[in-house]
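K.L.:
I'd like to ask you about the structure that follows.
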Amino acid sequence: MEAIADGLFTETADGPRLIGSRCRQCGTVTFPRQSSCARCTSTDVEEHLLARRGDLWSWTVQRFRPKTPPYVGGPETDEFEPYGVGYVELPGECRVESLLSVADPEALRIGMAMELTLLPARRADGSEAVTFGFRPLAEGEQ
Amino acid sequence: MSAAAASVNGSDDVAIVGAGLHPFGRHEGVSGLEMAAIAARAALADAGLSWEDVQFAAGGSDAAGNADTSVSVLGLTGIPFINVKNGCATGGSALTTAHAMIVAGEADVAVVVGFDKHPPGAFNALPEEWGIGSWYGETGLMLTTQFFAMKIQRYMELHGISNETLARVAAKAFVNGSRNENAWRRRPLSVEEILDSRMVNDPLTQFMFCSPGEGAAALVLARGGRAREIASDPVYLRSVAFRTRKFGSFEVYSPSIPVEDGTPPTAEAARAAFEGAGIGPEDVDVAQLQDTESGAELMHLAETGFCADGEQEQLIAEGATEITGRLPVNTDGGCLANGEPIGASGLRQVVEVVRQLRGRAGERQVPGEPKVGFTHVYGAPGVSACTVLSR
């Protein structure tokens, strides 16, 4: 399945990784990658693959269907399925905004361990694709 | 940035001598530009001036057209009129511009106007216009409601704010709105009704959110030396400050944020406004703080310096931010009761403070002759404008 956009994430032997950038001058990490550093204004930046695991920094559940455009989602005639959204803090790197694999408020709490995964998505032309998301780690996985 | 007047009544001071609104809400058949002209005329009538007296104007909307085209109905007098389009800071930016022009000696009398007209439902900003890839919108991340929900979710966890407190903020807004003939939502709602309404973005329910709407607000500004000739009760614009985000602050439409926390633009703008005015938060008698949802009002209370993080739980329980409390906040019902026509919101706040400081706020008048007021707007992608006003 194709990615929702080029340059956002890549498949590795360990699983998917987000593609960010790292400033060679001050070490600041951003996602998605960009050509300069928002902290020190340097343009000396390099590509940097982000850590796969982090902690849930905050979250919400999107309970109404966002307007199209820009949202694509499933056909508008389908019943809307709420989805989880959160920021996951990747230690020493950055906090990434992301879809979550769960939309149950009882299953989400700030500080819980999360891991990068891929989730189904849809492009504006209706074709299916994958995007990145984070899923809670079970206790045995941590 | 914050040009301030250390003294009041000097020739370099800037005063507000007229304030006007077009009612907020839904107004089928009335264009945004027509609302702008109605608000501008109301402000001029309040000042006892005509459009021909105006030497400079600034204004704007986010989605309802170019402010300067309103001259075709206000009058083609040839004055410089600067269009401003700056998201939620549109009104604040227009005010900053007019203030600076008066201070610079380019005009003695200026008009600022903000207006907007949005369709029902959440804003649907396009990521490409905000420097983000289209994937961000396609996958359902381009929503201001999500941002505010996640910001207050974490804030509640860190600082012990309860869901009841969120609901109390909204209940206060609707009570105040019920006393405001220009507000959109004028039916008081109980804390229970607000808590039990549909969950929209956890932890925020339907009645904790404001809605995009329609309306217009306008002000007439005059150089201090002329202000008393024009108006018997001018309100001095002691300072106006506008800031954008710094590294590390958590902002709307951010695919990632740094692990290092930075100062939010609200805190920077508020500090600059207070410093510029030589007035502190403790001196303020009435404040209007951006309340696009009830959590925003709580967090902005702390970011603007009116309380410490976490103190809101107690303040709200005590009724401190009600009209009869020690720091009345959003006395006209705020965005929650007025809705959010983006371009008009920031100036609506100033209009309300002007009315309160002149003692002309009717049923919602803050008792005890308030002398100092404060306004604050915040918006995407991390902008804030604040003013300090005094009699």
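K.L.:
So in the protein assembly as shown, what percent of DSSP beta bridges are antiparallel if you round to the nearest 5?
P.N.:
Roughly 80 percent of the beta bridges in the protein assembly as shown run antiparallel, per DSSP.
K.L.:
So, one more: Expressed as an acute angle from 0 to 90° and rounded to the nearest 10, what is the orientation of the C-alpha long axis of helix B:32-47 relative to the principal long axis of chain B?
P.N.:
60
K.L.:
Using only Cα atoms, find the angle between the long axis of helix B:144-159 and the longest principal axis of chain B, and express it within 0 to 90 degrees, rounded to the nearest 10.
P.N.:
For helix B:144-159, the angle is close to 70 degrees.
K.L.:
Please sort by residue number the trypsin sites (Lys or Arg not before Pro) in segment B:219-297 whose DSSP state is loop and whose Cβ has at most 16 other Cβ atoms within 10 Å.
P.N.:
Hits after loop and neighbour filter: B:Lys246.
K.L.:
Taking the Cα centre of chain A as origin, sum charge times position over the Cβ atoms of Lys and Arg (+1) and Asp and Glu (-1), and report the length of that vector in debye to the nearest 20.
P.N.:
Using Cβ point charges on Lys, Arg, Asp and Glu, chain A gives about 500 debye.
K.L.:
Which of the listed residues, A:Val102, B:Thr205, A:Tyr87, is farthest toward the dipole's positive end in the protein assembly as shown, when Lys, Arg count +1 and Asp, Glu count -1 at the beta-carbon?
P.N.:
Towards the positive end, the residue furthest out is B:Thr205.
K.L.:
Straight distance only, please: which lysines reach the Cα of B:Lys117 with their own Cα at less than 20 Å, same-chain residues fewer than 8 apart left out?
P.N.:
A:Lys67, B:Lys85
K.L.:
When N is the residue count of segment B:205-350, what does its C-alpha Rg come to as a fraction of 2.2 N^0.38 Å?
P.N.:
1.14
K.L.:
Please give every one of the lysines within straight-line cross-link reach of B:Lys371, meaning a C-alpha to C-alpha distance under 28 Å, and leave out same-chain neighbours fewer than 8 residues apart.
P.N.:
Here the lysines satisfying the reach criterion relative to B:Lys371 are B:Lys172.
K.L.:
Now for a different question. Among DSSP beta bridges lying fully in chain B, give the percent that are antiparallel, nearest 5.
P.N.:
Percent antiparallel among DSSP bridges in chain B is about 75.
K.L.:
Moving on. Select from A:Trp59, A:Ser36, B:Thr331 the residue farthest towards the positive end of the dipole of the protein assembly as shown; place +1 on Cβ of Lys and Arg, -1 on Cβ of Asp and Glu, and compute about the Cα centre.
P.N.:
The residue sitting farthest along the positive end of the dipole is B:Thr331.
K.L.:
Points 7 angstrom from Cα along the Cβ direction at A:Thr10 and A:Phe64: gap in nanometres?
P.N.:
4.1
K.L.:
Further question: Which whole number gives the average, over all residues in A:91-99, of C-beta atoms from other chains lying within 10 Å of the residue C-beta?
P.N.:
4
K.L.:
Using helices alone, I'd like the mean residue ellipticity at 222 nm for the protein assembly as shown: each DSSP H run of four-plus residues gives -39500 (n - 2.57), total over residue count, nearest 500.
P.N.:
Roughly -7500 deg cm²/dmol at 222 nm, from the helical runs in the protein assembly as shown.
K.L.:
Then there is this: Taking the Cα centre as origin and putting +1 on Lys and Arg beta-carbons and -1 on Asp and Glu beta-carbons, what dipole magnitude results for the protein assembly as shown, to the nearest 20 debye?
P.N.:
That gives a dipole near 1060 debye.
K.L.:
Something else about it: What is the angle, in °, between the Cα long axis of helix B:163-178 and the longest principal axis of the Cα atoms in chain B? Nearest 10 is fine, range 0 to 90.
P.N.:
Taking the Cα atoms of chain B, the angle to B:163-178 is about 30 degrees.
K.L.:
Just to be sure I understand: if I project the alpha-carbon convex hull of segment A:9-141 onto a plane and average over all orientations, what area do I get in nm²?
P.N.:
The number I arrive at for segment A:9-141 is 9.7 nm².
K.L.:
Let me ask something else. For chain B, give the magnitude of the charge dipole about the Cα centre (Cβ charges: +1 Lys/Arg, -1 Asp/Glu; no others), in debye to the nearest 20.
P.N.:
Value, rounded to 20: 640 debye.
K.L.:
Within a 10 angstrom radius of each residue's Cβ in B:71-79, how many Cβ atoms of other chains show up on average? Whole number is fine.
P.N.:
The per-residue average across the peptide is 0.
K.L.:
What are the semi-axes of the equivalent ellipsoid for chain B, taken as the square roots of 5 times the Cα gyration tensor eigenvalues, largest first, in whole Å?
P.N.:
Equivalent-ellipsoid dimensions as semi-axes: 31, 23, 20 Å.
Values in this text are rule-based calculations from the coordinates and carry no lab data. Everything quoted here is computed from the prediction, not taken from an experiment. All Cβ positions, glycine included, derive from the backbone under ideal geometry; neighbour counts span all protein chains shown.
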